[in-house]
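Before any comments, here is the structure.
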Amino acid sequence: MSFPPPTPVFEHYFELREHLLGPLRDEIVGAAELCAAGRLIYGSPENFSLFGIPAPDMTDKGLRFLGRTVVECSIDAYALPLCEAVAELRAALPGAAEAMVVDLFAGSGNLGYHLGRRLGAPVFAADLDPVVHRLGTANADLLGLAIDLRHCDYRDLLAELSPRGPADTYVVEPPWGPAFTAAGLDLQSTTPPVHEILADIRRSRAGQSCLLVVKTNDQLLPGTMERAFHSATHLRSVTPPPTLPYGANMDFHVFRLDPER
C-alpha cells in the first residue's frame with residue numbers, strides 16, 4: 001500500500017516499518033527495534049506490550065519476534081477492550097462455559113491468548129509459517145501459556161475441532177499481502193480471501209452458529225466489508241485511538257456466522 005508522503009512526525013515510523021518488513025522481515029529483532037516500534041507506533045516503548053510484557057522487557061524475558069510480527073501483531077491495549085466486547089456478547093449465548101477460541105492465523109498469538117484468558121476458554125491456534133510457529137511455541141512455553149499452537153493450515157485445524165456451541169469464537173486474521181492497496185484494504189484479496197475462510201469455518205460447524213473476530217485497518221476498499229461478510233451479522237466494532245496516518249491504524253470487528261439457509 002502507498003501511504004501519503006510522510007509528514008516529519010511520521011517519517012521515522014515509515015522508515016522503521018520499511019526496515020521491519022524489509023531486511024528484518026524474517027529476522028528476530030532486538031530490544032532496540034522493539035522499543036523503537038513502541039515509541040514510533042504507540043507513543044512509548046512501554047505501550048508496545050504483548051502477553052503483559054512491555055517492549056523494554058521482552059528480550060530480557062526471552063521473548064522472540066520476527067520483524068513482520070512486530071508490525072502485524074495486536075498489542076495488549078488493543079486486545080483487552082476487544083475481549084471485553086466479546087465477553088459481553090458471549091454472555092447471552094448458551095454453552096459459553098464450554099466454548100473454545102480458535103485462532104486461525106496465530107502470528108504473535110497475543111490476541112488469541114487474551115481472548116482465552118478473558119473468556120476462560122481453551123485456545124487452539126494454527127500458523128503455517130514454520131518460523132512463526134517455532135517462535136510462537138517457544139514464547140508460549142516460556143510464559144507457561146495454555147495455547148495449543150499447531151503447525152498446520154487453518155483448514156486442517158478446523159477439521160480437527162468439533163464445534164462446542166454458538167459461543168465458539170474464531171479469530172480471522174489472514175496475511176494481507178496484496179490486499180493492502182492504495183485504495184484501501186481489500187478483504188477479497190487477503191491470503192486466503194476472507195469470504196473463503198468464512199465458508200471453510202461454516203462447513204466445519206455442523207450447522208451451528210459461532211462468533212468471528214476480525215482485524216482490519218482503518219482504510220477499507222469501498223464495499224469490501226459488505227462483500228466479505230455478506231453471510232454474517234455484524235455485532236460490534238472496537239476502534240483503538242489512532243496513532244498513525246489514515247490507513248495504518250487498526251480496527252476490530254465481531255460478527256456472528258450462522259448456518260447457510
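Values in this text are rule-based calculations from the coordinates and carry no lab data. Treat the numbers as computed from the prediction; the structure is a model and nothing was measured. Positions of Cβ are generated from backbone atoms using ideal geometry, with glycine treated the same way; all protein chains shown enter the neighbour counts.
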- For the Cα atoms of the chain, what angle does the longest principal axis make with the long axis of helix 194-204, in degrees from 0 to 90, nearest 10? 40
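Classify region 76-257 as rounded, prolate or oblate, taking a ≥ b ≥ c as the square roots of the eigenvalues of its Cα gyration tensor: rounded when a/c is under 1.5, otherwise prolate if a/b is larger than b/c and oblate if not. Intermediate results must be reported in sequence, preceding the final value.
Details: a/c = 1.32, a/b = 1.19, b/c = 1.12.
In terms of gyration-tensor shape, rounded.
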- Message: Using only the alpha-carbon atoms, how far is helix 8-21 inclined from the longest principal axis of the chain? Give it as 0 to 90 degrees, nearest 10.
- Response: 70
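At 0.36 nm per residue, and after removing the present C-alpha to C-alpha distance, how many nm does the segment from E27 to E98 gain when stretched out fully? Can you show the working numbers first?
Numbers: separation 71, 0.36 × 71 = 25.56 nm, distance 3.85 nm.
Here the segment from E27 to E98 would lengthen by 21.7 nm.
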- Helix 130-143: inclination vs the chain longest Cα principal axis, degrees, rounded to 10, gives 90
- Message: Based on C-alpha coordinates, I'd like the Rg and Dmax of region 41-138, in Å.
- Response: 14.2, 43
- Would you mind telling me the antiparallel percentage of the DSSP bridges in the chain, rounded to 5? 55
- Got a sec to turn the phi values of region 70-82 into Karplus ³J(HN,Hα) couplings, 6.51 cos²θ - 1.76 cosθ + 1.60 with θ = phi - 60°, whole Hz, x for Gly and Pro? 4, 6, 8, 6, 9, 6, 3, 5, 8, 5, 5, x, 5
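For region 8-72, give the magnitude of the charge dipole about the Cα centre (Cβ charges: +1 Lys/Arg, -1 Asp/Glu; no others), in debye to the nearest 20. Working shown, then result.
Working: 6 positive and 10 negative charges, 25 e Å.
Dipole about the Cα centre, nearest 20: 120 debye.
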- Message: Please give the Cα centre distance for region 39-53 versus region 132-197, rounded to the nearest Å.
- Response: 23
- Rounded to the nearest 0.05, what FRET efficiency do T191 and H12 give with R0 = 35 Å and r taken as the Cβ-Cβ distance? Could you check? 0.75
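Quick one: compute the contact order of region 8-72, relative version, from alpha carbon pairs under 8 angstrom and 6+ residues apart, as a percent. Before the final figure, lay out each step's value.
On the way: 77 pairs, mean separation 24.6, N = 65.
Contact order relative to length: 38 percent.
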- Net charge of neighbours whose Cβ lies under 13 Å from the Cβ of D153, counting Lys and Arg as +1 and Asp and Glu as -1: -4
